[in-house]
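Here's the structure, in structure tokens; my notes come after.
The values are calculated or read from the model by the stated rules, or taken from the named source; none is laboratory data. Worth saying up front: this structure is predicted, and the values here are computed from it rather than measured. Cβ placement follows ideal geometry from the backbone for every residue including glycine, while neighbour counts extend to all protein chains displayed. Side chains are part of the model used for accessible areas, which takes the heavy atoms of the whole protein and leaves out ligands, DNA and RNA. Shrake-Rupley method; radii C 1.70, N 1.55, O 1.52, S 1.80 Å.
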Amino acid sequence: MLLGVTILVFLVLQVAPGDRATFVLGPEASEAAKAAWRHDHGLDQPLIVQFFAYLASLVTLNFGLTNPPEEPVGSKIASAFPITLELTFLGVLIAVILSLVLGILGALYRDKWPDQLIRVFSIAAIATPSFWLGILLIQWFALPPGSLFPVGGLAWADQYGFTGWLYSMALPALALGLPVAASLIRVVRTSMVEELDKDYVRTAVGNGVPYRTVVAKNVLRNALVTPVTVLGLRIGYLLGGAIVIEAIFDLKGMGQLIISGLSGKDTNLVAGGVITIAATFVLVNIIVDLLYLLINPRIRTV
């Protein structure tokens, strides 16, 4: 998958409009100067040669240099990636907590008024784009006269430590995680309902096992397999959505890094950012696969 992403990103950036040499040297530069710059950076080589040279550098985690003033792309990613990881982690945390609480409540009170309210909430949240939700949250909670939360990046992080960091990340994490939580609520509810209707639940309750014990120890564990699978796939959405959310809340993460690379025709910066996000997505899905062994021990014997 990583190789496929690398090939795709490399080819897309090669055919993208604009000339990197012209952007770096300026439109007034002579063709000789542009040709010399392309030669120095290996851009006059055949495409296949450029790709394998770039692939060889990726093996050593060398993403190349940015446009002048030349800086290592790796150092740029190292400063921006933790912010994106923090935002994604908080978004996942919000999505998991909301989906488990509301999904389980919806299944336990199926077709009753709590279930109906949760359905309405989940449908409305699914239909709400995260970027629009982010703008609404800024208008409601970050602008005068309320101003409960800061705007403009990690405004309170340095001043108030962890509390300031949490306040600065609360609104972007909520805007990122709420649509994912809404989709997971429906998955958790459906999985719980299917498990609650199985024979072993009725048998256990009929033999005197408390209903809450059956739900907590058996039903919930069996019902989590499908939601964990869906959550692993949603991590890609969260990483991609973080790019837009970072731009709205002025967080200097991977989103800002990739956007600046696109606007500046900095192919190394864009490719490094996209490949890093893709590698993170692959790693997260590997971890999700390993979680199956903890949730469902029967998989170990397959």
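Projecting each Cα onto the charge dipole of the chain (Lys/Arg +1, Asp/Glu -1 at the beta carbon, about the Cα centre), which of Tyr160, Pro227, Leu133 comes out farthest on the positive side?
Farthest towards the positive pole: Pro227.
Classify segment 83-204 as rounded, prolate or oblate, taking a ≥ b ≥ c as the square roots of the eigenvalues of its Cα gyration tensor: rounded when a/c is under 1.5, otherwise prolate if a/b is larger than b/c and oblate if not.
In terms of gyration-tensor shape, prolate.
Taking every pair of Cα atoms in the chain, average 1/r, invert it to obtain the Kirkwood radius, and report Rg/Rh to two decimals.
Looking at the chain, the ratio lands at 1.08.
Contour minus end-to-end for Leu148 and Ser57, with contour as 0.36 nm per residue of separation and end-to-end as the Cα-Cα distance? Before the final figure, lay out the partial values.
Numbers: separation 91, 0.36 × 91 = 32.76 nm, distance 4.63 nm.
Gain on extension, Leu148 to Ser57, equals 28.1 nm.
What is the set of long-range amide H partners of Leu65 at a cut-off below 5 Å, with H atoms built 1.01 Å from backbone N?
For Leu65, the qualifying residues are Val73.
Once you put a point 7 Å from the Cα of Ser263 and another 7 Å from the Cα of Asn285, both along the Cβ direction, what distance in nm separates them?
3.2 nm
Could you check how much of the accessible area of segment 1-119 is carbon and sulfur, as a whole percent, using a 1.4 Å probe? The partial results should precede the final answer.
On the way: 5050 of 7030 Å².
Answer for segment 1-119: carbon and sulfur cover 72 percent of the accessible area.
Among 166-174, 9-17, what's the highest-first ranking by average C-beta atoms within 10 angstrom per residue?
166-174, 9-17
R0 = 45 Å: FRET efficiency of Val209 with Ala124, Cβ-based, nearest 0.05?
0.75
For Cα pairs less than 8 Å apart in space and 6+ apart in sequence, what is the mean separation divided by the residue count of segment 194-293, i.e. the relative contact order in percent? All intermediate terms of the calculation are to be shown ahead of the outcome.
Details: 49 pairs, mean separation 22.1, N = 100.
Averaging sequence separation for qualifying contacts and normalising by length gives 22 percent for segment 194-293.
Could you state the angle between the C-alpha long axis of helix 157-196 and the longest principal axis of the C-alpha atoms of the chain, as a value from 0 to 90 degrees rounded to the nearest 10?
Helix 157-196 and the main axis of the chain meet at about 50 degrees.
Using helices alone, I'd like the mean residue ellipticity at 222 nm for the chain: each DSSP H run of four-plus residues gives -39500 (n - 2.57), total over residue count, nearest 500. Please report the intermediate quantities before stating the final value.
Working: 14 runs with 225 residues, N = 302.
Roughly -24500 deg cm²/dmol at 222 nm, from the helical runs in the chain.
How far apart, in nm, are the 7 Å Cα→Cβ label points at Leu3 and Phe89?
Once both label points are built, they end up 3.3 nm from each other.
Any chance you could run the full-extension gain for Asn67 through Gln50? It's 0.36 nm times the residue separation minus the Cα-Cα distance, nm to one decimal.
4.4 nm
Once fully extended, how much extra length lies between Leu11 and Asp250, figured as 0.36 nm per residue of separation less the alpha-carbon to alpha-carbon distance?
The Leu11-Asp250 span can extend by a further 83.1 nm.
Determine the per residue accessible area of the chain with all protein chains present and a 1.4 angstrom probe, expressed in square angstrom.
The answer is 54 Å² per residue.
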